Structures are given as C-alpha cells and as structure tokens.
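Reading through the structure tokens given below for one structure.
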Amino acid sequence: MMNVSIPATPANVASGAWQSPATLPPQVPVDFRFAVGDRVSFDGRPAIVADRTASLMGRELYDIEMLSAAYGRPRRTVFGQALEPVTG
C-alpha cells in the first residue's frame, strides 16, 4: 500500500520509503456491436463508424462521422448504447 504522507524526495525514493502509485487495472474485454465502416443511426440520424475503442470499465466508445455536414459537428464520440444498426 502506498503511503501518501511521505513526500517523493530523492532520499525517500532511494530508501524505499516512498513507492509509486499502483498501475491501472487491465482493460476489461469488450464485444463490439459495430465494426469500423458500419452504418449506424445516432439519435435518428445516419452515421458511419470511423473508429472504436473501449473504456477501462468495458463500455464501447465509437467515433462516428455524420453523413450530412448540416449537423454542425460531423465527427462525434459516443457510447455504443446510443447507436442503432441501420438495416437495408
């Protein structure tokens, strides 16, 4: 366990009294619903998946390109639960 009351001075680090914070936990595996290039619907508007990634908690994150520039921000990052598949 890290002792936060000990400052990270060179002498404390060398003696082992101070230890670095724990590393981040391993990323939770994610099953993505959409692949890069898939057509999706975001809030009823058509878009294409440009990139995808996952949070450390295992939530799907997608970068999407809106298919019309009339929406102001053509590229957006959204959670996977906000997207619906486009069929046909």
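The values are calculated or read from the model by the stated rules, or taken from the named source; none is laboratory data. Just so it is clear, the model here is predicted, and its values are computed rather than measured. Just so you know, the surface numbers come from the protein's heavy atoms only, side chains and all, with ligands and any DNA or RNA stripped out. Shrake-Rupley method; radii C 1.70, N 1.55, O 1.52, S 1.80 Å.
Worth a mention:
- Matching residues, region 50-84, being modelled with pLDDT of 90 or more, more than 26 Å from Pro26 (Cα to Cα) and open to solvent by 30 Å² or more (accessible area, probe 1.4 Å): Glu65, Arg75, Glu84
- Residues within region 1-49 that are open to solvent by less than 80 Å² (accessible area, probe 1.4 Å), modelled with pLDDT of 80 or more and in a loop (DSSP other than H, G, I, E, B), tallied: 7
- Which numbered condition Thr87 fails, given (1) closer than 15 Å to Val30 by Cα; (2) among the hydroxyl-bearing types (Ser, Thr, Tyr); (3) open to solvent by 80 Å² or more (accessible area, probe 1.4 Å): (1)
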